[in-house]
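Novice: One structure, pasted below without further comment.
All of the numbers you see were taken from the coordinates with simple rules; none came from a lab. These numbers come from a predicted model, not from an experiment. All Cβ positions, glycine included, derive from the backbone under ideal geometry; neighbour counts span all protein chains shown.
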Amino acid sequence: MCDGRVLRVYPFYCETYAIEIDHGNFIARYGEIDKRKSNIFVQAGDQVKRGEQIGVVGRLIGIKVPSNMLHLEMYASTGDSPLTIKDNPPYQRRKDLIDPTPSIDAAVME
């Protein structure tokens, strides 16, 4: 989406991985990344450029209908605090979770 610094790469959901990137004005979590190390192209601390491939979309395993998908979350502030907050129902996410649609629309128009 834009330049940034990789914060974390870790197991996420249904045998996939997540990559968190601090993009300066927001943090994005890119989820459902293929768990094979050969399909994860970044590691914590790496600097990334807009358009650079960071990984390959993974296949969700252990759900009713196994499927491939990209999971995207955006957070309004940066920092190093966890994005998943177990005692914050219903989504168990930080309170600054934002709708990514305007950012995606703006990036497409550039």
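Novice: Which residues does a label at Asn68 reach in the range 2-16, if reach means a backbone N under 17 Å from a point 7 Å past the Cα toward the Cβ?
Specialist: 15-16
Novice: When only C-alpha pairs under 8 Å and at least 6 residues apart count, what is the relative contact order of the chain, in percent?
Specialist: That works out to 24 percent.
Novice: Let me ask you something else. For the range 53-110, restrict the atom set to alpha-carbon positions and state the Rg and Dmax in Å.
Specialist: Taking only Cα atoms of the range 53-110, I get Rg and Dmax of 14.4, 38 Å.
Novice: By per-residue mean of other Cβ atoms within 10 Å, what is the highest-first order of 13-24, 50-61, 86-97? Intermediate values should be presented prior to the final figure.
Specialist: Working: 13-24: 18.8, 50-61: 14.8, 86-97: 11.0.
Order by mean packing, descending: 13-24, 50-61, 86-97.
Novice: Next question, about the same structure. If you scale each eigenvalue of the Cα gyration tensor by 5 and take the root, what three semi-axes come out for the range 4-109, rounded to whole angstrom and sorted largest first?
Specialist: 20, 18, 14
Novice: Which lysines, on any chain, are close to Lys95 with Cα under 18 Å apart, when same-chain ones fewer than 8 places away are left out?
Specialist: Lys86
Novice: Turning to a different aspect of this structure: If amide H atoms are built 1.01 Å from N in the plane of the peptide, which residues on other chains or at least 5 residues away come under 5 Å of the amide H of Ile98?
Specialist: Met74, Tyr75, Ala76
Novice: A further question follows. Go through the range 91-102 residue by residue and turn each phi into a ³J(HN,Hα) via Karplus (6.51, -1.76, 1.60, θ = phi - 60°); whole Hz please, and just put x for glycine and proline.
Specialist: 9, 6, 10, 4, 5, 8, 4, 10, 6, x, 4, x
Novice: Can you list the aspartates and glutamates whose alpha carbon is less than 19 Å from that of Lys37, not counting same-chain residues fewer than 8 positions off?
Specialist: Within the straight-line cut-off, Lys37 pairs with Glu15, Glu20, Asp46, Glu52.
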